[in-house]
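Following: one structure in structure tokens, then a few remarks.
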Amino acid sequence: MPGNDPKRIGLSVDVKPHAYDPATQPELFEGVLARRVVAFLIDVVIIAVPLILLAVFMAVFTVFTLGLGGFVFFLYGPIATIWALVYYGLTFGSARSATIGMRVVDLEMRTWYGAPCYFVLGAVHAIGYWLSVTFLTPLILLVPLFNNRRRLLHDMLVGTIVINNAARASALRNAPFGGRG
């Protein structure tokens, strides 16, 4: 009788498989680690330049107010943190799922099951990076050497993966040397 069936309550958890396999799609992972370092350096400059300009403005403001404006430096830490979170959130949450530095070197970030990133995931990824670097600096550099997807520790913690963008992957796939290099 249909009325006697047990009722389902709670959440259904469907575990999605990894969308990207390095064995069948090596062009997605080719050279990602080295280009990721370059992308990071570009992003550091993009984040630091406005913060340096802000610090100069705060210093000039403090001088013009004869030291009374020195209180604005208490706002510098929160402003720097918010700026970095907004930068990562907006760039990872954009249609390209990549920071400006990652776009320059043809990388993009996806969730481990293949979906594009979104604002909150981008901000949480940045926080995960800062925390993992703060507490485990030497160890996080070893993690990508021991997994075939070359994911860093904070990528694993938040469920993301960095791969070559579609244009670069296609060029590597069609390369005369078989996609290796």
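The values are calculated or read from the model by the stated rules, or taken from the named source; none is laboratory data. Because the structure is predicted, anything quoted here is derived from the model rather than measured. Using ideal geometry, Cβ is built from the backbone for each residue, glycine included, and neighbour counts are taken over all protein chains shown.
Just checking, does segment 149-161 include any residue being in a loop (DSSP other than H, G, I, E, B), touching a residue at least 12 places away in the same chain (Cβ under 8 Å) and among the hydrophobic types (A, V, I, L, M, F, W, C)?
Yes, segment 149-161 contains at least one residue that is in a loop (DSSP other than H, G, I, E, B), touching a residue at least 12 places away in the same chain (Cβ under 8 Å) and among the hydrophobic types (A, V, I, L, M, F, W, C).
Sort out which residues of segment 134-148 are among the aliphatic types (A, V, I, L, M) and either under 21 Å from Arg110 (Cα atoms) or exposed (fewer than 14 other Cβ atoms within 10 Å of the Cβ) (or both), and write them in order of number. Result: Leu139, Ile140, Leu141, Leu142, Val143, Leu145. Return the pair list, or none, for Cβ contacts closer than 6 Å from residues in segment 27-49 that are over 21 Å from Ala167 (Cα atoms) to residues that are in a helix (DSSP H, G or I) and among the aliphatic types (A, V, I, L, M), at least 6 apart or on different chains. From residues that are over 21 Å from Ala167 (Cα atoms), the pairs are Ile46/Ile100; Ile47/Ala84.
Would you check if Thr81 is at negative phi and touching a residue at least 60 places away in the same chain (Cβ under 8 Å)? It is false that Thr81 is at negative phi and touching a residue at least 60 places away in the same chain (Cβ under 8 Å). Quick check on segment 103-118. Is at least one of its residues in contact with a strand residue (DSSP E or B) (Cβ under 7 Å, 6 or more places away or on another chain), at pLDDT 95 or above, within 21 Å of Arg168 (Cβ to Cβ) and assigned to a helix (DSSP H, G or I)? Scanning segment 103-118, I find no residue that is in contact with a strand residue (DSSP E or B) (Cβ under 7 Å, 6 or more places away or on another chain), at pLDDT 95 or above, within 21 Å of Arg168 (Cβ to Cβ) and assigned to a helix (DSSP H, G or I), so the answer is no.
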